[in-house]
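Structure record follows, encoded as structure tokens.
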Amino acid sequence: MAAGAHYDLVLAGIVRGALAELDGLPEEVLNRPVPLEEANSLYALATHLLGSTEFWVLQMGAGHDVKRDRDAEFHAHGSYADLAARAGRLIASLHDAVPGLTASDLDAPGHGDRRPSMLPEGQPVTVRDCLLHAIEHSGLHLGQIQITRQLLVEGFAARS
């Protein structure tokens, strides 16, 4: 099994986990603003999770051209079907780009000039760094989705 297969499993699992949290929620809940400063709707969080994963894995890691409007991700709204379709495309792209990566592929320079915040200045950015950053970042947002869902469905709704 190539080294990239493990990264693919984890990344696809995080994307599927986010979808599982949102499955069955009405659009009103998916797009509801959270009454906390600088908080995002579930739809916006999921959109950002997908956008950042596409960027860090497919562009920075695999060298694909990814069209992304990061700022718009935090204002996005739509349906679960929209998210599920995009997530399906992302998982298919991950399965194409990541599992076959070897250890030497992972240690090759990343594609682009962005630097994961976990790396010190001056350290070269590798494909492995890009994939690890994608896992770290998307895992954090999966946690945000889980907590936000609890607040919207169980917490705030019970107080209304």
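The values are calculated or read from the model by the stated rules, or taken from the named source; none is laboratory data. Values in this document were obtained by computation on a predicted structure and should not be read as measured data. So basically every Cβ, Gly included, is an ideal-geometry build from the backbone, and we count neighbours across all protein chains shown. Note: accessible area is taken over every heavy atom of the protein model, side chains too, but ligands, DNA and RNA are not part of it. Shrake-Rupley method; radii C 1.70, N 1.55, O 1.52, S 1.80 Å.
Some notes on this structure:
- Qualifying residue in segment 7-30 (condition: among the β-branched types (Val, Ile, Thr), open to solvent by 60 Å² or more (accessible area, probe 1.4 Å) and assigned to a helix (DSSP H, G or I)): yes
Let's see how each residue does on (1) out of contact with any helix residue (DSSP H, G or I) (no Cβ under 7 Å at 6 or more places or on another chain); (2) free of Cβ contacts under 8 Å to residues at least 24 places away in the same chain:
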residue	(1), (2)
113	yes, yes
118	no, yes
123	yes, yes
137	no, no
141	no, no
146	no, no
153	no, no
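- Qualifying residue in segment 31-41 (condition: surrounded by fewer than 18 Cβ atoms within 10 Å (Cβ to Cβ) and under 14 Å from residue 93 (Cβ atoms)): no
- Residue 34 being part of a loop (DSSP other than H, G, I, E, B) and more than 11 Å from the chain's Cα centre (by Cα): yes
- For segment 61-80, the candidate set comprises residues that are in contact with a His (Cβ under 7 Å, 6 or more places away or on another chain) and surrounded by fewer than 18 Cβ atoms within 10 Å (Cβ to Cβ); within that set, the residue that is nearest to residue 24 (Cα to Cα) is 74.
- The conditions of being at pLDDT 95 or above and closer than 22 Å to residue 69 by Cβ are not met by residue 12.
- Within segment 81-95, considering residues that are over 13 Å from residue 59 (Cα atoms) and free of Cβ contacts under 8 Å to residues at least 60 places away in the same chain, the one most open to solvent (accessible area, probe 1.4 Å): 89
- Criterion: over 28 Å from residue 29 (Cβ atoms) and out of contact with any Gly (no Cβ under 8 Å at 6 or more places or on another chain) - qualifying residue of 58, 50, 131, 90: 58
- For segment 102-160, the candidate set comprises residues that are of a type in the set (Ser, Thr, Tyr) and open to solvent by 70 Å² or more (accessible area, probe 1.4 Å); within that set, the residue that is modelled with the highest pLDDT is 104.
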